[in-house]
Structures are given as C-alpha cells and as structure tokens.
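The values are calculated or read from the model by the stated rules, or taken from the named source; none is laboratory data. Computed from a predicted model, the values in this text were never measured in an experiment. Methodologically, a virtual Cβ is constructed for each residue, glycine included, from the backbone with ideal geometry; neighbour enumeration extends over all protein chains shown. Just the protein is used for accessible areas: all its heavy atoms, side chains included, with ligands, DNA and RNA removed. Shrake-Rupley method; radii C 1.70, N 1.55, O 1.52, S 1.80 Å.
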Amino acid sequence: MTFSAYYLLAPGRYAERFGLDFEDFAVGQRFRHRPGVTLSQQDNTEHALDTMNSAMLHFDAAYAGHTAWGRPLMVSTLTAQRVIGLCAKTFARRRRLPGFDEIGLRAPVFGGDTLYAESEILAVDPGGDPDAGVVRVRTRGLNASGAEVIDLSYRAEIYRRGRGPDADPGGPPVSEPRFAAYDLVDGDLRERYGLFFEDCRPGERFAHHPGYTFLHEEAIGLARRSMEFAPGYHEDPPLVTEMFVLAAAATASTRTFGRVVANLGWYDIELPTPVRAGDTVRAESEILDARPSRSRPAEGVLSVATRAVNQRDEPVLSFRRSLLVHRRDADGPYGPAGYG
C-alpha cells in the first residue's frame, strides 16, 4: 500500500494532499522522508541569536576554532527542528506533538551538512478522542553519509479520517501508480517528490496544497530587501511585492512539478487584484503541452498555465511557464542522491 498524494475533484482535475490519516498508520511501518535539507552556518547563527542562545560555540568561529570541534557546532534544537520538519509529508495531518520521550544527539552537525529523516511507527493508540488518535514515532536524523546524528522518540496526535483541517479533499484518492505518495523500497515507504515528464498529460489540472498566507512583517521586510521604496509596500496593510506573489504561486506548483530541471521562463503574466498582508493565495495549474526536448533527450518540456486566487476567490495572478522536466528512465540525480 503506497497510498495516494492526489484526489479526484473532477475528470482531469486533481487536488494535492499530504499526510496520512490516523487509520493509515500501523506498528512497524518505516518511512524514508524526502527531500533532505542542507544546513548552513547562517542558519546556525540566526537560530542561536533568535532564541538568545549565549553559547558562543554556535556563532563565534574564532572561539569555536579553539575547541575540540574546530568550528561552530550546529545548535541541537535547530537540528531537531529541521528533522521534525522533514517528516511533514507523512505527518501533515498532525494536530500537535504532546510530548517527546527522548531526544538523543548521536553525532555533531556543522554548517554544510545535509540531513535526511527516517521514521518508524512504534505504537498506535486510538484513545477516546473523536478527532484524533496518538501515534508513537521514532525519527532518526541522518547525514549524507548515512551516519545517525539525532534520534527522537515522541507522540504525535494525528487527525482521524474525515476530521480536522482539510478533512474532505473534495473527492476520492486516485489509485494510479503515477500519483502514489510513496515508493516501496526494501519494505520501507520512501516519499515521492513530483511527477516525471511521462506522468504529465496535457489538459490535466492540479490544485496545489497548501495555500500561502502573507504576513504583515514579511511583506514589509520583502519590500525593504528588494530596495522597494514605493509607499504602498510599507503602508498598513502593505502590498506584497509582485515578484514575491509570483514566487509563492510558482513554487506552490513544485509539489507536483518537483522533478523540474529548470524553469525556462514566464509568459503572459497578469496581476488583476493586488495582494496585501493577511491575504491567503491558492494556486492551480493546467498542463497545456508536453513534448520531448529536442536537445536534451533525458528531459522533456512542459508548458504549464498557473492561476492563483485569494481567500475571496478573486483572481490575483495568472501566467504561463515552460519547464524542463526529468524523464523516468533517463539517468538523473535521484538514484545517486538516495531519492530513488
């Protein structure tokens, strides 16, 4: 059973959905979460300073150079935070984490290290809560060499089928193999990460999930970092810069078009309704055309149209893109990088 990452809304129209219902979990299941994440010393410094961590080992390279580590050590809570976050595709229907039994730190983590996560289901407790059950999980964080760097044992409250946010995806799950949420690898369920070129069919539409809510401080910060001086981007509520609206809508499609090699360009970009702080934008894409690449036989070219609306269902953005996408049977980065 590899479950499904897509639900049928109408013929040729699908909704992305992530996370398993409580009823889907069973003792002994093992999940290999993808993608991984590469941490940097900038991540380390910002996490330490944001949390007022005064241990200079994490942000003072001159000091750290005189310790046994020889360089700044990654803050353990940042490592834990990232590893838990890497599990989101499988545990996206989580209500909360009511407790950790143990967080074990097995090896040092430094800037430049890439982390992956693997989880095992230890126990499943239906309890008496009508909305959620409790799943006991052990999650291991591994570096790119496969060494275990952190081990977390915890309890996760998972919404039951038909309960909680996004309880009704709008239609039944699609059983087609191209839409499977996992690949079965040596008995483990390895998360998948987008459609191959051959899986993309002209005329099909995909409602991307989740939406993106723009925050007040975020909108102003983006304007400042873009050297945007126009008053509308700094007033209350501030406008969100058009390029960031475009970025949020385009990247929403990466859950379906995650096997992209390159974005070849945007066309016919229209922004009919301004986006302001507090707005939530949701995007949907339609595949217009799919053709093999003439110059790159391992890849194909997709023409994709994306439309985004706000929480009032007002159109805020539309555009077309050309995407270069990996083909299934060609040599690609997935096997060497541990993605399958």
query = Across the stretch 85-110, which residue is farthest from Gly133 (Cα to Cα) among those that are open to solvent by 40 Å² or more (accessible area, probe 1.4 Å), in a loop (DSSP other than H, G, I, E, B) and of a type in the set (A, V, I, L, M)?
reply = Ala88
message = It is to be established whether one or more residues within the stretch 249-268 are out of contact with any Ser or Thr (no Cβ under 8 Å at 6 or more places or on another chain), open to solvent by 70 Å² or more (accessible area, probe 1.4 Å) and without any contact (Cβ under 8 Å) to a residue 24 or more places away in the chain.
response = yes
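Only one of Ser293, Ser303, Ser285 is closer than 30 Å to Arg327 by Cβ, small (Gly, Ala, Ser), modelled with pLDDT under 95 and in contact with a strand residue (DSSP E or B) (Cβ under 8 Å, 6 or more places away or on another chain). Can you tell me which? Please lay out each step first, then the result.
Details: Ser303 fails: modelled with pLDDT under 95; Ser285 fails: modelled with pLDDT under 95.
One residue alone meets the criteria, Ser293.
Look through Ala64, Ala55, Ala68, Ala80 and report the one residue that is surrounded by 14 or more Cβ atoms within 10 Å (Cβ to Cβ), more than 14 Å from Gln42 (Cα to Cα) and over 25 Å from the mean Cα position of the chain (by Cα).
Ala64
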query = Of everything in the stretch 205-215 that's open to solvent by 70 Å² or more (accessible area, probe 1.4 Å) and not in a loop (DSSP other than H, G, I, E, B), which residue is farthest from Tyr14 (Cα to Cα)?
reply = Tyr212
query = Taking the stretch 299-331 only, how many residues are touching a residue at least 24 places away in the same chain (Cβ under 8 Å) and open to solvent by 30 Å² or more (accessible area, probe 1.4 Å)?
reply = 10
query = Which of the residues that make up the stretch 111-136 are free of Cβ contacts under 8 Å to residues at least 40 places away in the same chain and either assigned to a strand (DSSP E or B) or out of contact with any Gly (no Cβ under 8 Å at 6 or more places or on another chain) (or both)?
reply = Asp125, Gly128, Asp129, Pro130, Val134, Arg136
message = Suppose we filter the stretch 269-298 for residues that are over 28 Å from Ala330 (Cβ atoms), assigned to a loop (DSSP other than H, G, I, E, B), open to solvent by less than 70 Å² (accessible area, probe 1.4 Å) and in contact with a Leu (Cβ under 9 Å, 6 or more places away or on another chain); how many remain?
response = 4
request  = Check whether at least one residue in the stretch 177-189 is closer than 28 Å to Tyr14 by Cα, of a type in the set (Lys, Arg) and in contact with a helix residue (DSSP H, G or I) (Cβ under 9 Å, 6 or more places away or on another chain), and report yes or no.
outcome  = yes
inquiry  = Residues that are farther than 30 Å from Thr38 by Cα, open to solvent by less than 70 Å² (accessible area, probe 1.4 Å) and touching a Gly at 6+ places or on another chain (Cβ under 8 Å): does the stretch 141-158 have at least one?
reply    = no
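Quick check on the stretch 37-45. Is at least one of its residues within 16 Å of Asp151 (Cα to Cα), hydroxyl-bearing (Ser, Thr, Tyr) and not in a loop (DSSP other than H, G, I, E, B)? Steps first, answer last, please.
First, the residues of the stretch 37-45 that are within 16 Å of Asp151 (Cα to Cα): none.
Scanning the stretch 37-45, I find no residue that is within 16 Å of Asp151 (Cα to Cα), hydroxyl-bearing (Ser, Thr, Tyr) and not in a loop (DSSP other than H, G, I, E, B), so the answer is no.
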Residue ID - most open to solvent (accessible area, probe 1.4 Å), chosen from residues in the stretch 220-243 that are among the acidic types (Asp, Glu) and in contact (Cβ under 8 Å) with a residue 12 or more places away in the chain = Asp236
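Identify the residue in the stretch 178-235 that is aromatic (Phe, Trp, Tyr) and farther than 21 Å from Ala92 by Cα and, among all such residues, is farthest from the chain's Cα centre (by Cα). Steps first, please.
Quick first cut of the stretch 178-235, residues aromatic (Phe, Trp, Tyr) only: 179, 182, 193, 196-197, 206, 212, 214, 229, 233.
Now drop any that are not farther than 21 Å from Ala92 by Cα, which leaves 196-197, 229, 233.
Details: Phe196: 18, Phe197: 20, Phe229: 32, Tyr233: 28 Å.
Among those residues, the one meeting the criterion is Phe229.
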request  = Using the structure shown, decide if Thr2 is closer than 23 Å to Thr256 by Cα, open to solvent by 40 Å² or more (accessible area, probe 1.4 Å) and modelled with pLDDT under 95.
outcome  = yes
ask   = If you check Asp168, Asp188, which single one turns out to be out of contact with any His (no Cβ under 8 Å at 6 or more places or on another chain), open to solvent by less than 30 Å² (accessible area, probe 1.4 Å) and over 23 Å from Val304 (Cα atoms)?
value = Asp188
